[in-house]
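Peer 1: This is the structure, below, for whatever I ask next.
The values are calculated or read from the model by the stated rules, or taken from the named source; none is laboratory data. This one's a predicted model, so the numbers in the text were calculated from it and none came from an experiment. Cβ: placed from backbone, ideal geometry, glycine included. Neighbour counts: every protein chain shown. These area figures cover heavy atoms from the full protein model, side chains too; ligands, DNA and RNA do not enter into them. Shrake-Rupley method; radii C 1.70, N 1.55, O 1.52, S 1.80 Å.
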Amino acid sequence: MSTGERPPDAHQSIATPARMRQLMARHGFTFKKSLGQNFLVDGNTLDNIVGAARLTERSGVLEIGPGAGSLTQKLAQAAGKVVAVEIDQRMLPVLADTLAPFDNVAVVHGDILKIDLDELWRTHFANCAEVSVVANLPYYITTPIVLALLERRLQLRQMVIMMQKEVAERIVASPGSRDYGSLSIAVQYYCDAHELLRVPRTVFMPPPNVDSSVIGLVVRSEPPVQVTCETTFFALVRASFTQRRKTISNNLLQFYKNRWNRAQIDAFLEAVAIAPSARAESLSMNDFARLSNYLTSI
Ligand code: SAM
């Protein structure tokens, strides 16, 4: 290599415990548990996450919660444009420091659940061929973040996101399994969902009290089932899982008690070939879609 050439990793990655400690000390920073601040300090884990996202210079990336910027640095090297939304103002000078070598990163100070994402897409991603969300999520709001991003129907290719292992298992679960529930159906309606990576608590600073998983959610061009009214469909799914050990007939009777009696509910179920004694966890998305479309039609 000629002496003038800059290797791709010429900047100092902060993904080691010693460097993260130094950086935090230099900025007088202390971790806030209430914001889910567990920072990644392991280069291999970061490389695996970024590798799984298969980014190119034409990719845009939205990162939620850059923290000190260890994942952001790697994303900036792999993608054309990175937008990192961070709620904690105290992180801004730290990020200005760690992201100084990169001219393709925009840090946005704000709450991911409150900022205008359509506007963010228009401002930052207009020239990108496709956009991915890649993030080590703040675990206390994993589900609202995932659902908000999907329900908004943004131009989004995929999400590669780290979360508490138990939530990941619920998202990717199939019918008949212990973890299958309304969250599995809500996410799988929009995405093809896979677990990509188990991550031990030792790769974080400070270590969280839970183990983590990285999942891949590839956004579908169309839902796998045809639903005539999505509001009815999602309300029905949630109602069916209210008490997991109860039959679907009992859960629906409780939910629709001001509208229909048991005989009617059981007749509706039988009309779409679902046994009233079945439990929601044994039903596929297709079963819920058939029932929802039937209820919408009567
Ligand atoms: N990406 C960094 C890493 O992997 O080292 C930090 C990840 S840490 C698990 C989660 C980050 O999300 C924290 O920096 C936290 O301040 C930020 N955060 C928490 N709630 C947020 C919200 N509502 N909107 C944006 N960022 C948030």
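Peer 1: Report relative contact order for the range 17-219 in percent, whole number only (criteria: Cα-Cα under 8 Å, sequence separation at least 6).
Peer 2: Computed over the range 17-219, the figure is 21 percent.
Peer 1: Right, another one. Quickly estimate the mean residue ellipticity at 222 nm for the chain, helices only: each DSSP H run with n ≥ 4 gives -39500 (n - 2.57), and the total goes over all residues, rounded to 500.
Peer 2: Taking each H run of at least 4 residues, the total per residue is -11000 deg cm²/dmol.
Peer 1: Separate question: In Å and on Cα atoms, what radius of gyration and Dmax does the range 126-203 show?
Peer 2: Just the Cα atoms of the range 126-203 yield Rg and Dmax of 13.1, 43 Å.
Peer 1: Still on this structure: At Asn286 and Arg198, where each label point lies 7 Å from the Cα along Cα→Cβ, what is the point-to-point distance in nanometres?
Peer 2: It works out to 3.2 nm between the two label points.
Peer 1: Find the all-direction average of the projected area of the Cα convex hull for the chain, expressing the result in square nanometres with one decimal place.
Peer 2: 17.6
Peer 1: State, to one decimal in nm, how far the label point of Arg58 lies from the label point of Lys32, with both points 7 Å from Cα in the Cβ direction.
Peer 2: In this crude spin-label approximation the distance works out to 3.9 nm.
Peer 1: Oh, and also: Using a 7 Å offset from Cα along Cα-Cβ at Asn209, what residues in the range 147-167 end up with backbone N under 12 Å from the label point?
Peer 2: Within reach of a label on Asn209, which here means backbone N under 12 Å from a point 7 Å along Cα→Cβ, the range 147-167 contributes nothing.
Peer 1: Using a Förster distance of 41 Å, how high is the FRET efficiency between Arg262 and Asp111, based on the Cβ-Cβ distance and rounded to 0.05?
Peer 2: Once the sixth-power term is evaluated, E becomes 0.40.
Peer 1: Could you give the nm distance between label points at Thr232 and Val218, where each point is 7 Å from its Cα heading toward the beta carbon?
Peer 2: Spacing of the two 7 Å Cα→Cβ label points: 3.2 nm.
Peer 1: Measuring with a 1.4 Å probe in the full set of protein chains, what accessible area per residue, in whole Å², belongs to the chain?
Peer 2: I get 48 Å² per residue for the chain.
Peer 1: So, counting K/R as plus one and D/E as minus one, what does the shell of residues with Cβ under 14 Å around Pro200 add up to?
Peer 2: Here the charged neighbours net out to +1.
Peer 1: Here's something else I'd like to know. Could you work out the per residue convex hull volume over the alpha carbons of the range 230-297, in cubic angstrom?
Peer 2: Spelled out: Cα convex hull of the range 230-297, divided by residues, is 75 Å³.
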